[in-house]
Amino acid sequence: MVAKQQELGARSLAYLALRQIEKDGAYANIALKQVLNQYHPQPREARLAAELVYGTTRMRLAVDHIMRQFLNKPLSELMPELKIILRMSIYQLHYLKVEPYAAVNEGVSLTKKYASPRLAGLANAVLRNYLRADKQLLLPAKENNLREYLHLTLSFPQWLVDYLLQHYSPAEAEAFCLHANAHHGIAIRTNTLKTSRDELLELLASEGITAHAAGYAPETIIISGGVGNIAELALFREGYFIVQGLSSQLVGHALSPRPGSTVLDLCAAPGGKSTHLAALMNNQGTIDAFDLHPHKVELIKDNAQRLDMQCITSHAADSRCLPERYQQAADYVLLDAPCSGLGVLASRSDSRFRKEIANIEALAKLSYQLLEAAATYVKPGGKLCYSTCTITNEENSANIRRFLAEHNDFALAPLQGLMPLLPEKKEQLASGEIQLMPFAADKELEGFYIALLEKRR
């Protein structure tokens, strides 16, 4: 007889995921997914666990700054298990405004269960001292020191704060950080080979899921409530949609491949853009999707199979040196280049802590190598789309300027496929490149760069 899986509440689930992040260096989304798949909690518990994991991870610098004020020893000397529990408890009290009694009691109970009963008194003292403190004095105010406010109050690494203040105005730097700390819902893309957006909205509503049609790409839906573990939804498993960011969904429309075309998607995992191209091509033609890492190639295969897209073939390969048969073979090439990912920090709670300033220069160099290789795969008269999910000039426009200076057989081509979707940006789109900023008027969009190049006949 198989023993029934132990049922855990949201705070225990969150603790188990946070422990993987803290002690094993796991990615937040992967750690949470593993825990949810293991324990299969009710949707309400899964939603709270996700909020605790992502929120505690995102606001770590602020929470640690608060915590230090109630400890009589360095934070580094605190037992890791207790540190995780106190972070999660203070996040609930300071940001979620949960009932103090519940947060303190749960924090003490978790300490007894996962840390040590002898530390329960310390956990209780820290949390009750927080409740008695003047909350206005716990974190730096913007008016007193903008740099410290962005670093500690809004919880961004110092190098990133300095980069933002060097390249953008103080108001833009703050808007960038606020956007990255906000919850924008879950963006999904309708699988138009199987259903329409309106039909999918009706199906989601019938499952008790709160969702609405977003602007921009015509397939986009934003889910704002009613979902626990999205991978357990029947509509997801049956291929009615894929999770994909708003700005990311614009890339397929920027390239707009015709049905029957030959397409190469370089750096394609996990397959969001490959499957979008397949849908736009009505599953007619060939799409060869490449990724360097075999385990990521499996993600492309899984998504293509789930969405029932037979025109996609995935390969493990270094896109900088594909076999000779791909030279000048493609009508369309998509290079969604490896980048610093600074435009999509809102959907990746731990990403800001996995970057450093040196990454920008190194990734810009790698992206340029990939861009040069991608150019060799394009037929005369074919098109090459270069995109990143970041905001740095080094990785974006600077690479395109250098490429055009060194390759006179290519020129920027108007982004015709995006003009109906971003009518207020027609002038930029006509130039062949666009930089979307997360602090611009269209705040729903993530930071993204898209350029379209055409190879001369």
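The values are calculated or read from the model by the stated rules, or taken from the named source; none is laboratory data. In this text the structure is predicted, and so the values were computed from the model without any measurement. So basically every Cβ, Gly included, is an ideal-geometry build from the backbone, and we count neighbours across all protein chains shown. We work out accessible area using only protein heavy atoms, side chains counted, and drop any ligands, DNA or RNA first. Shrake-Rupley method; radii C 1.70, N 1.55, O 1.52, S 1.80 Å.
Key figures for this structure:
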item: For E148, solvent-accessible area (1.4 Å; no DNA, RNA or ligand), Å²; result: 90
item: Per residue value of the accessible surface for the chain (all protein chains in place, 1.4 Å probe), Å²; result: 44
item: Surface share of carbon and sulfur [accessible, 1.4 angstrom probe, percent] for the stretch 1-155; result: 49
item: For the stretch 12-22, 3J(HN,Hα) per residue [Karplus equation, 6.51 cos²θ - 1.76 cosθ + 1.60, θ = phi - 60°, Hz, x = Gly/Pro]; result: 5, 4, 5, 4, 4, 5, 5, 5, 5, 5, 6
item: Column: log10 I(q)/I(0), Debye, Cα scatterers of the stretch 97-137, q = 0.20, 0.23, 0.24, 0.25 Å⁻¹; result: -0.59, -0.72, -0.77, -0.81
item: The stretch 106-123 - phi-based ³J(HN,Hα) in whole Hz, Karplus 6.51/-1.76/1.60, Gly and Pro as x; result: 5, x, 5, 4, 5, 4, 5, 7, 10, 10, 6, x, 6, 9, 4, x, 5, 4
item: Within the accessible area of the stretch 176-282 (1.4 Å probe), percent carbon and sulfur; result: 50
item: Spatially proximal lysines relative to K383 (Cα-Cα < 23 Å; intrachain offsets below 8 disregarded); result: K273, K365, K425, K426, K455
item: Cα-centre dipole for the stretch 50-177 with unit charges at Cβ (Lys and Arg positive, Asp and Glu negative), debye to 20; result: 540
item: Portion, in percent, of the accessible area of the stretch 336-431 that falls on carbon or sulfur, probe 1.4 Å; result: 51
item: Amide hydrogen neighbours beyond the local backbone of H315, cut-off 5 Å, H modeled; result: A289, F290, D291
item: Probe 1.4 Å - accessible area at R402, Å² to nearest ten; result: 120
item: Within the chain, helix-based [θ] at 222 nm, where runs of 4 or more DSSP H residues each add -39,500 (n - 2.57), nearest 500; result: -12500 deg cm²/dmol
item: All aspartates and glutamates inside 12 Å of K83 as judged from Cα atoms, apart from same-chain residues fewer than 8 positions distant; result: E22, D64
